[in-house]
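*Asks:* Shown below is the structure under consideration.
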């Protein structure tokens, strides 16, 4: 999961007030986005730091990320504004990620682990790309498209790699999670900056 921009149910271009309300809503949750980014970055570093670990250890690390990512998506499907279709997709992607995350804890062979992780990344990447494509004229669209395409690429690499070794899986997973973590952390601080700027503008308008 990566934070996705809510898509307006109104097919007309969003007004300036709509965009301000959306940014205010997202910006108020910047701390949650930051926490997810830091956790993603740490898990990515841990996976690359111990690439020769057992399947069970790598499975637990990747399972934890899929589980938390799925919970974020599932909760977001109920709390994030947007059209019904995108929220349903978010909920489905979250539920699948949770299931795959739990399955990763089983410590099965590397081929099975790669299958679980690859499917999880691929589905979340497709979902995020769809959300970004639908969010025309709305803030954060570029992030959604970038992270969605990146997730699809990572998922495809893991799924199509012939007889993936644990080392290959660890490095692909680690690199992907580190990139995602850094991008999410940067996005979180940008959200905070936007929220603070909007609060300042609101205070100035009240004084005036």
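The values are calculated or read from the model by the stated rules, or taken from the named source; none is laboratory data. Bear in mind that the values here come from a model prediction, so they are computed numbers and not experimental data. Reconstructed Cβ throughout: ideal geometry from the backbone, glycine too, with neighbour counts over all protein chains shown.
*Asks:* Which is more than 18 Å from residue 65 (Cα to Cα), in contact (Cβ under 8 Å) with a residue 40 or more places away in the chain and part of a helix (DSSP H, G or I), of 178, 131, 158?
*Replies:* Exactly one of 178, 131, 158 is more than 18 Å from residue 65 (Cα to Cα), in contact (Cβ under 8 Å) with a residue 40 or more places away in the chain and part of a helix (DSSP H, G or I), namely 131.
*Asks:* Take the conditions outside any helix (DSSP H, G or I), more than 20 Å from residue 146 (Cβ to Cβ), modelled with pLDDT under 90 and touching a helix residue (DSSP H, G or I) at 6+ places or on another chain (Cβ under 9 Å) and apply them to residue 24. Does it pass?
*Replies:* Against the criterion (outside any helix (DSSP H, G or I), more than 20 Å from residue 146 (Cβ to Cβ), modelled with pLDDT under 90 and touching a helix residue (DSSP H, G or I) at 6+ places or on another chain (Cβ under 9 Å)), residue 24 does not qualify.
*Asks:* Of the residues that sit in the range 104-114 and are surrounded by fewer than 18 Cβ atoms within 10 Å (Cβ to Cβ) and modelled with pLDDT of 85 or more, which one is nearest to the chain's Cα centre (by Cα)?
*Replies:* It comes out as 105.
*Asks:* Filtering the range 133-143 down to residues that are touching a helix residue (DSSP H, G or I) at 6+ places or on another chain (Cβ under 8 Å) and either over 18 Å from residue 84 (Cβ atoms) or modelled with pLDDT under 75 (or both), which residue is surrounded by the most Cβ atoms within 10 Å (Cβ to Cβ)?
*Replies:* 135
*Asks:* Quick one: which of 89, 100, 123 is more than 23 Å from residue 175 (Cβ to Cβ), in contact (Cβ under 8 Å) with a residue 24 or more places away in the chain, surrounded by 17 or more Cβ atoms within 10 Å (Cβ to Cβ) and within 16 Å of the chain's Cα centre (by Cα)?
*Replies:* None of the other options fit; the residue is 89.
*Asks:* Here is a follow-up. Of the residues that make up the range 55-62, is at least one under 17 Å from the mean Cα position of the chain (by Cα) and either assigned to a helix (DSSP H, G or I) or buried (at least 17 other Cβ atoms within 10 Å of the Cβ) (or both)?
*Replies:* Yes, there is a match, as at least one residue in the range 55-62 is under 17 Å from the mean Cα position of the chain (by Cα) and either assigned to a helix (DSSP H, G or I) or buried (at least 17 other Cβ atoms within 10 Å of the Cβ) (or both).
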